[in-house]
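Engineer: Below is the structure I would like to discuss, written out as structure tokens.
Every number here is computed from the coordinates shown, using simple stated rules; none is lab data. Quick caveat: nothing in here was measured; it's all calculated off a predicted structure. Cβ: placed from backbone, ideal geometry, glycine included. Neighbour counts: every protein chain shown.
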Amino acid sequence: MNRFENWLCASPFWRYATRWQLLPWILAGSELGDHVLEIGAGPGAATEELRRRATRVTSLEYDYGFAASLARREQGNRGAVLQGDAAELPFPNKIFSSAIAVLVLHHLGSPELQDRAFAEIFRVLRPGGIFLAFEIQDGWLQRFGHIRSTFVPVKPATLSARLMTVGFAGVTVDFRRGAFRVRALRARAG
């Protein structure tokens, strides 16, 4: 992430917008269950709110500095913070009731890495688990905001097929003002 993104994601404005606008929309109609995997926690704008809504939250962050800072702040708060890669999740199979990624997927360096992350998320979700994501659409403003940063836009029209390829079902994509949310289910065992 570039300096602007680091500043914005750590700002009180972003924490407020995440808690009161983004998360209510992303989570609408979905049950997180008892153990949530938060992918790409960053400075923790969503972490505190997720911990209000679930018994346990495990937060994964690629950037060591963000992960260490968040771990210090969240000590003893019904969860853990780990440094790691969304395309190579350091967890056993089928342990999470849900997984959520807020503005993370476009920071993965290629569509292939995004697909590996989808497969990994599917692997660590329990049967009946849900994957939720929030992403921005491609555009000149988003590209400008990501100068000197990784920006591989996710094409919403491809998501259903990409997620179903790794095993997800019931994929939905909903749009709102230059952004979209994704919901995908790991079907219950037959």
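Engineer: Could you rank the peptides 27-35, 177-185 by their average count of other C-beta atoms within 10 Å per residue, with the highest value first? Kindly include the intermediate steps, with their values, before the conclusion.
Structural biologist: Numbers: 27-35: 14.7, 177-185: 18.0.
Going from most to least packed, we get 177-185, 27-35.
Engineer: Which net charge results when you count Lys and Arg as +1 and Asp and Glu as -1 among the other residues whose beta-carbon is under 10 Å from that of residue 42? Write down the numbers at each step before the final one.
Structural biologist: Numbers: positive: none; negative: 5, 38, 61, 63.
Here the charged neighbours net out to -4.
Engineer: Kindly work out what percent of the DSSP beta bridges joining two residues of the chain are antiparallel, to the nearest 5.
Structural biologist: Just about 40 percent of them are antiparallel.
Engineer: If you wrap a convex hull around the C-alpha atoms of segment 67-173 and split its volume per residue, what is the figure in Å³?
Structural biologist: 119 Å³
Engineer: Using only Cα atoms, what Kirkwood radius does segment 3-185 have, in angstroms? Can you show the working numbers first?
Structural biologist: Numbers: mean 1/r = 0.0612 Å⁻¹.
Averaging 1/r across every pair of different Cα atoms and inverting gives 16.3 Å.
Engineer: Then there is this: For segment 156-178 and segment 1-50, what is the centre-to-centre distance using only Cα atoms, to the nearest Å?
Structural biologist: For segment 156-178 versus segment 1-50, the Cα centre distance is 20 Å.
Engineer: Helix-only estimate, please: 222 nm mean residue ellipticity of the chain, summing -39500 (n - 2.57) across DSSP H runs of length 4 or more and dividing by its residues, to the nearest 500. Mind showing how you got there, number by number?
Structural biologist: Details: 8 runs with 65 residues, N = 190.
The per-residue figure over the chain is -9000 deg cm²/dmol.
Engineer: Run the simple label-point estimate for residue 174 and residue 30 please: 7 Å along Cα→C-beta, distance reported in nm.
Structural biologist: 1.0 nm
Engineer: May I ask for the net charge around residue 168, where only other residues with Cβ less than 10 Å from the Cβ of residue 168 are counted and Lys, Arg are +1 while Asp, Glu are -1? Walk me through the numbers before you get to the answer.
Structural biologist: Working: positive: 162, 183, 186; negative: none.
Residues near residue 168 contribute +3 overall.
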